[in-house]
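K.L.:
Just passing along the structure, written as structure tokens.
The values are calculated or read from the model by the stated rules, or taken from the named source; none is laboratory data. Quick caveat, the model's predicted, so the values are computed rather than measured. Quick reminder, even Gly has a Cβ in these numbers, built from the backbone with ideal geometry, and neighbours come from all protein chains shown. These area figures cover heavy atoms from the full protein model, side chains too; ligands, DNA and RNA do not enter into them. Shrake-Rupley method; radii C 1.70, N 1.55, O 1.52, S 1.80 Å.
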Amino acid sequence: MSELSFHGIAPARIQALLAQERATYAQRNPRSQALAAAASQHLMFGVPLHWMSDWGTPFALHVDHAQGARLHDVDGHSLVDFCLGDTGAMFGHSPPVVAQALSQRASRGLTAMLPGEDAAAVGALLAQRFGLPTWQFAMTATDANRFVLRWCRAATGRKVLLVFNGCYHGTVDDVFVDLVNGQPQQRDSLLGQVQDLTTTTRVVEFNDLAGLQAALAPGDVACVLAEPVMTNIGMVLPEPGFWEAAQALIRRHGSLLVMDETHTISSGPGGYARAHGLQPDAVVVGKPLGGGMPCAAYGFSATLAAQAEAAKRQAPPGHSGIGTTLTANLLAMAAMRATLTHLMTPEVYAPMLKRAATLAEGLKQVISRHGLPWCVTHVGARAEFQFCATAPRNGSEAGAAMDAELEHALHLALLNRGVLITPFHNMMLVCPDTTDADVACLLQAMDEVLSLLKAPAA
Ligand SMILES: Cc1ncc(COP(=O)(O)O)c(C=O)c1O
């Protein structure tokens, strides 16, 4: 009998499943394979963005069309999509209200580097949803985070950024500092980064109030940039009272709290902070804000907005280092207006939240039926299974519970059974179009795959 890994599965079983599922995938997807071969002629790594080759499939799955909770690949398979463009399509693929707003705008000017009639309306809707009065825009959440960091440094006159170990806030270079044996270390995988990020980025473990206090104590931290729930190293929930105490500490040390709600916007129409009564100085929202159109926004408290405006006014004329030409273009503003008005509402969220709870409970049952020491973490419309018995308390624990090979095997096996989940970890998101039957389909596929993984080696 082969030895079991920490997660209760034998490496030999993972290898066997991977080999079998890779063969099945290749046989099921000839058209994707042909398109991947053609793309490799002129696209680096054979894909338009190199991450697209990191899914664990032998070659990239190519999409024909996507609608609601379904993604249809070029080989004619209809897949239940729990990845939803890793939250970009959280309101379902091509929501009709957004498609309509886009088509109405599309023939009347796409981009002008000037506002149109949607700008003020979008600002007012954002203020109403998130409870912060003053807003600016970006094309991606990455850019929004980068710009907020600039504003916070300019507003406070402080240099240091504080983040939680294992965080991800897009490809903002400053955040790629890890805690390794308690010491900050720039991530080795960063390409072409020539600055020493550890001089201006401090990193502590999530849920560690003593660590946070020590890191804030020198009084040089401009802002703490955090997801209210960590979602990018597996999910890590805040312990009860953590954020209330953390907020008080951050305030006491004259630093700002920026909550990146790019993923936790799945908790409700005002994000996790609004749903849980937290009061950050700034909020970042991206991904689904335009119903799938590239756009992002960030909001400031009145105090921070006044400080940021003063910093800009006092600076010499010229480039601020904040903004891009296409930011807040007419098409993006139309998409945000439609999304905020029709989709970011309690009525739309209610069934998503309910169905995600069903999914999380169902997953727990499937995992327990197979006797695996895995846990399920659930927040809002999002759930994640992790290869550890108890929910991780911080990024180090969550990272230690990961196994890329097992993840690849599982994801590929689910894909071959008509279910897509988020790559790079084990996250599933429910959109307004996800049905009970879709959830049942995921649970059944999971049950089948776990049976294969638990079967004795042939
Ligand atoms: C919390 C968080 N912030 C920001 C980003 C960056 O979003 P984008 O890649 O759309 O810039 C991500 C992406 O996964 C994210 O998870």
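K.L.:
Would you mention how many residues in the stretch 274-303 are surrounded by 24 or more Cβ atoms within 10 Å (Cβ to Cβ), under 24 Å from THR156 (Cβ atoms) and among the aliphatic types (A, V, I, L, M)?
P.N.:
Qualifying residue count, the stretch 274-303: 6.
K.L.:
Something else: Enumerate the strands (runs of 3 or more DSSP E) found wholly within the stretch 159-211, keeping only those where 3 or more residues are within 20 Å of the chain's Cα centre (by Cα).
P.N.:
Hits in the stretch 159-211: 160-164.
K.L.:
Sticking with this structure for a sec: Take the stretch 146-161 and flag every residue that is hydrophobic (A, V, I, L, M, F, W, C) and more than 16 Å from the ligand (Cβ to nearest atom).
P.N.:
TRP151, ALA154, ALA155, VAL160
K.L.:
Something else now. Write out, first by first residue and then by second, each pair whose Cβ atoms fall under 9 Å of each other, whose residues are 6+ apart or on separate chains, and whose first residue, in the stretch 163-177, is farther than 21 Å from ASP86 by Cα and open to solvent by 20 Å² or more (accessible area, probe 1.4 Å) while the second is among the basic types (Lys, Arg) and more than 9 Å from the ligand (Cβ to nearest atom).
P.N.:
Listed pairs, sorted by first residue: ASP174/ARG146.
K.L.:
Looking at (1) buried (at least 17 other Cβ atoms within 10 Å of the Cβ); (2) within 23 Å of PHE385 (Cα to Cα), which is the only condition TRP51 fails?
P.N.:
Among (1) buried (at least 17 other Cβ atoms within 10 Å of the Cβ); (2) within 23 Å of PHE385 (Cα to Cα), TRP51 violates only (1).
K.L.:
If you take the residues in the stretch 220-240 that are in contact (Cβ under 8 Å) with a residue 60 or more places away in the chain and either in a helix (DSSP H, G or I) or not aliphatic (A, V, I, L, M) (or both), which one is farthest from the ligand (Cβ to nearest atom)?
P.N.:
ASP220
K.L.:
Taking into account only those residues within the stretch 291-309 that are touching a residue at least 60 places away in the same chain (Cβ under 8 Å) and of a type in the set (A, V, I, L, M), which is farthest from the ligand (Cβ to nearest atom)?
P.N.:
So the residue we want is ALA302.
K.L.:
Just need a number here: residues in the stretch 264-290 that are within 14 Å of the ligand (Cβ to nearest atom) and not in a loop (DSSP other than H, G, I, E, B).
P.N.:
15
K.L.:
Residues in the stretch 383-392: is at least one among the β-branched types (Val, Ile, Thr) and either closer than 26 Å to GLY85 by Cβ or open to solvent by less than 50 Å² (accessible area, probe 1.4 Å) (or both)?
P.N.:
For the stretch 383-392, residues among the β-branched types (Val, Ile, Thr) and either closer than 26 Å to GLY85 by Cβ or open to solvent by less than 50 Å² (accessible area, probe 1.4 Å) (or both): absent.
K.L.:
So, one more: Considering LEU330, LEU359, which residue is more than 28 Å from VAL439 (Cβ to Cβ) and aliphatic (A, V, I, L, M)?
P.N.:
Within the list LEU330, LEU359, the selection yields LEU330.
K.L.:
Select from the stretch 398-407 the residues that are in a helix (DSSP H, G or I) and within 19 Å of the chain's Cα centre (by Cα) and write down the one among them that is surrounded by the fewest Cβ atoms within 10 Å (Cβ to Cβ).
P.N.:
It comes out as ALA404.
K.L.:
With respect to VAL258, determine if the residue is within 16 Å of the ligand (Cβ to nearest atom), β-branched (Val, Ile, Thr), under 14 Å from the mean Cα position of the chain (by Cα) and assigned to a strand (DSSP E or B).
P.N.:
no
K.L.:
Output the number of the condition that SER78 fails; it satisfies all remaining conditions of (1) free of Cβ contacts under 8 Å to residues at least 60 places away in the same chain; (2) surrounded by fewer than 16 Cβ atoms within 10 Å (Cβ to Cβ).
P.N.:
That leaves (1) as the condition not met.
K.L.:
Checking the conditions here, which among LEU331, LEU326, LEU353 is within 30 Å of GLY92 (Cβ to Cβ), outside any helix (DSSP H, G or I) and open to solvent by 20 Å² or more (accessible area, probe 1.4 Å)?
P.N.:
Of LEU331, LEU326, LEU353, the one residue that is within 30 Å of GLY92 (Cβ to Cβ), outside any helix (DSSP H, G or I) and open to solvent by 20 Å² or more (accessible area, probe 1.4 Å) is LEU326.
K.L.:
Which pairs turn up if I take residues in the stretch 119-137 that are under 17 Å from ALA332 (Cβ atoms) and look for partners that are surrounded by fewer than 16 Cβ atoms within 10 Å (Cβ to Cβ) with beta carbon separation below 7 Å, at least 6 apart in sequence or on another chain?
P.N.:
Cβ pairs passing all conditions: LEU125/THR341; TRP135/ALA127.
K.L.:
Here's another thing I want to ask about it. Please enumerate the residues belonging to the stretch 122-142 that are assigned to a helix (DSSP H, G or I) and either over 18 Å from the mean Cα position of the chain (by Cα) or closer than 16 Å to GLN279 by Cβ (or both).
P.N.:
Correct list: VAL122, GLY123, ALA124, LEU125, LEU126, ALA127, GLN128, ARG129, PHE130.
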